[in-house]
């Protein structure tokens with residue numbers, strides 16, 4: 001009898017383990033990078049794809065959240081989980097268009113649903129997590145959940161409570177903390193980085209801008225990090241029809257001080273490179289207004305060098321992409 005039960009349990013375990021393959025490799029891989037939902041619990045509705053810019057695999061709790069990412073990043077090799085075959089298959093175009101057509105309605109419902117979690121999430125956060133937790137330290141909500149679960153930022157929590165607390169921290173506390181920062185780089189929700197196409201408001205810790213002035217008119221471009229700003233600074237025409245965006249027309253450059261989160265003069269800032277802290281696009285030039293802060297960060301995070309703006313080259317930006 002015991003042997004039969006053991007064999008049956010082994011059979012179920014083999015089905016479960018082979019069925020639930022997570023198709024992303026990073027901290028927080030257990031959760032959707034957009035919704036923060038558990039991929040184990042939402043596996044049958046999940047979808048996978050690769051980022052067009054670097055081929056990195058991404059796993060989403062639903063097709064709808066994949067579409068949110070597609071609008072921002074651009075995705076290839078899109079597949080959806082097939083319950084019958086128990087594997088991922090190419091998503092039918094008809095289904096994809098149907099989901100895209102109803103995306104706004106879906107997100108509206110999700111927004112209302114999440115609001116019910118915030119009150120409980122706030123209580124869970126205050127009771128179980130460190131009060132000095134800084135949500136802007138994390139690029140995406142799944143990275144936040146990883147830190148909450150594995151880095152002792154919070155006491156052990158069941159997935160349901162972990163998710164409620166994470167939603168409160170990500171959607172409410174994060175916005176509140178940013179609102180308390182004076183003189184931060186102000187980004188509109190509609191602004192996209194002209195280099196990588198990402199929505200820059202989602203990455204406030206890394207926000208940077210180039211402002212131009214010509215014939216009494218001003219305009220600016222926002223970036224999700226100094227690295228992309230540098231690429232644009234040297235060759236704006238490479239990234240679009242920006243004929244007025246020449247160096248001689250620059251009125252100011254703003255970057256975000258890593259510690260204070262204030263917008264500071266990019267020409268006067270100090271930049272740490274090749275540390276163990278990554279931005280939305282990988283290795284970054286991390287800005288500081290104060291040289292001593294840059295030195296402290298370099299020491300604490302294994303940075304290689306501190307540079308002033310005049311020492312930064314276009315080649316360096318691309319070398320950081322290649323991790324060289």
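Listed by Cβ neighbour count within 10 Å, with the fewest neighbours leading, 234, 221, 309 appear as 234, 309, 221.
Computed over the chain with a Gaussian network model linking Cα atoms closer than 10 Å, the most mobile of 137, 224, 171 is 171. When the chain is treated as a Gaussian network with alpha carbon springs shorter than 10 Å, the biggest mean-square fluctuation among 229, 39, 20 belongs to 20. Between the alpha-carbon centres of region 279-314 and region 243-275 there is a gap of 12 Å.
The order of 206, 31, 170, 239, going from fewest to most other C-beta atoms within 10 Å of their C-beta, is 239, 170, 206, 31. Ordering 106, 223 by the number of other Cβ atoms within 10 Å of each residue's own Cβ, fewest first, gives 106, 223.
For a paramagnetic label modelled on residue 181 (point 7 Å from Cα along Cα→Cβ), amide N atoms under 17 Å away belong, within region 132-153, to 132-141, 144.
Between 202, 295, 247, find the one with the highest GNM mean-square fluctuation for the chain; connect C-alpha pairs within less than 10 Å. Residue with maximal mean-square fluctuation among 202, 295, 247: 247.
Per-residue ellipticity at 222 nm, computed for the chain from helices alone with -39500 (n - 2.57) per DSSP H run of at least four residues, works out to -11000 deg cm²/dmol. With the simple spin-label model, which puts each label point 7 Å out from Cα in the Cβ direction, the residue 109 to residue 244 separation comes to 4.4 nm. Which shape class, rounded, prolate or oblate, goes with region 29-101 when its Cα gyration tensor gives a ≥ b ≥ c as root eigenvalues, a/c under 1.5 marks rounded, and past that a/b bigger than b/c marks prolate? Rounded is the answer for region 29-101, as its axis ratio a/c remains below 1.5.
Projected label points at residue 322 and residue 220, each 7 Å from Cα along the beta carbon direction, are separated by 3.3 nanometres. Summary of the geometry: region 110-155 and region 203-229, compared by the centres of their Cα atoms, lie 30 Å apart. Note on residue 127 and residue 314: the model spin-label points, each 7 Å out from Cα along the C-beta direction, lie 5.7 nm apart.
Just so you know, all these numbers are worked out from the coordinates, no wet-lab data involved. On a predicted model such as this, the values are computed, not experimentally measured, just so you know. We place every Cβ from the backbone using ideal geometry, glycine too, and count neighbours over all the protein chains shown.
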